[in-house]
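First up is the structure itself, then whatever we jot down about it.
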Amino acid sequence: EAISGFRRAATWIGRISPPEILTFAEDEARLMWQRGDAAFLRNWAYVYSLARDDPGISDKFEVASLPGGPGGTASTLGGWHLMVSKYSSQPEHAAELVRFLSSAPEQKIRAIEGSFSPTIQALYQDSEVLEAAPIFRGFERTFKNLVLRPSAQTGAGYMRISQEYWDAVYDVLNGYEAEERLLEAEESMRRILARN
């Protein structure tokens, strides 16, 4: 199924996605879409507030969940990470800042002003949040079907596994044969996991 999916995605390059999309960072893709030069965009929730506040596009788009197979949707749990370095010279102040930034009032402000996804589920039912960012309606349904990133399974190798996967996707989208490239990636990932 992965090979089939990779092969299908490779046919989109040069057909429904310009070849240069492979060199874009997230914001370059967003700007192309926001200018009206792309029909679809896959990005993070923060883009909603940027598009909502842009008079050229504010009433010309909708948001949908990522498709995930026959009739389903796919979402993964990622996140914003706030932490205090053990090397900090001011760990108490840093921890105070983390508590402030992760507080319900601050997350509510960020959800309203920038459509940043809150980590506090009650904010997805807050009327002010939903009025400012209707994108969050139905997110509770999304949370019930989340797929966790495999950081627990990959441990210290997570970044190397993630990079290997990214490289494989990039190579296939650039014309590398999907089955051969995925077998190479699988072997490399097995070696990384064996070392962890």
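The values are calculated or read from the model by the stated rules, or taken from the named source; none is laboratory data. Source: prediction; values computed, not measured. Backbone-built Cβ (ideal geometry, glycine too); neighbour counts: all protein chains shown. Heads up: the accessible areas ignore ligands, DNA and RNA and are worked out on the full protein's heavy atoms, side chains in. Shrake-Rupley method; radii C 1.70, N 1.55, O 1.52, S 1.80 Å.
Where residues in the range 100-128 are of a type in the set (A, V, I, L, M, F, W, C) and within 17 Å of Leu50 (Cβ to Cβ), which of them is nearest to the chain's Cα centre (by Cα)?
Residues of the range 100-128 that are of a type in the set (A, V, I, L, M, F, W, C), as a first pass: 100-101, 104, 109, 111-112, 116, 120, 122-123.
When the remaining residues are screened for being within 17 Å of Leu50 (Cβ to Cβ), the result is 109, 111-112, 116.
Details: Ile109: 21, Ala111: 16, Ile112: 19, Phe116: 12 Å.
Restricting to residues being of a type in the set (A, V, I, L, M, F, W, C) and within 17 Å of Leu50 (Cβ to Cβ), the top hit is Phe116.
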Revision key, fill the gap. Filtering the range 121-142 down to residues that are hydroxyl-bearing (Ser, Thr, Tyr) and open to solvent by 70 Å² or more (accessible area, probe 1.4 Å) yields Ser127
**Study point:** Pair list, Cβ under 7 Å, 6 or more apart: the range 128-154 residue over 29 Å from Trp166 (Cα atoms), other residue of a type in the set (Gly, Ala, Ser)
**Key:** Val129/Ala111; Ala133/Ser49; Ala133/Ala111; Ala133/Ser115
Exercise for review: Just name the residue that is most open to solvent (accessible area, probe 1.4 Å) out of those in the range 87-117 that are closer than 16 Å to Glu128 by Cβ and acidic (Asp, Glu).
Suggested key: Glu113
Point to revise | Among (1) closer than 20 Å to Ala133 by Cα; (2) modelled with pLDDT under 90; (3) surrounded by 13 or more Cβ atoms within 10 Å (Cβ to Cβ) - the single one Tyr48 does not satisfy | key: (2)
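Go through the range 152-178 and give me each residue that's surrounded by 14 or more Cβ atoms within 10 Å (Cβ to Cβ), within 21 Å of Leu22 (Cα to Cα) and not β-branched (Val, Ile, Thr). So that I can check it myself, show each step before the final result.
The initial filter retains those residues of the range 152-178 that are surrounded by 14 or more Cβ atoms within 10 Å (Cβ to Cβ), namely 154, 157-158, 160-162, 164-165, 167-169, 171-173, 176-178.
Filter once more, keeping what is within 21 Å of Leu22 (Cα to Cα): 160-162, 164-165, 167-169, 171-173, 176-178.
Hits for the range 152-178 are Arg160, Ser162, Glu164, Tyr165, Asp167, Ala168, Asp171, Leu173, Tyr176, Glu177, Ala178.
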Review point. Name the pairs: first residue in the range 1-22 and of a type outside the set (A, V, I, L, M, F, W, C), second residue surrounded by 14 or more Cβ atoms within 10 Å (Cβ to Cβ) and modelled with pLDDT of 95 or more, Cβ to Cβ under 7 Å, at least 6 apart or on different chains?
Key: Arg7/Ala178
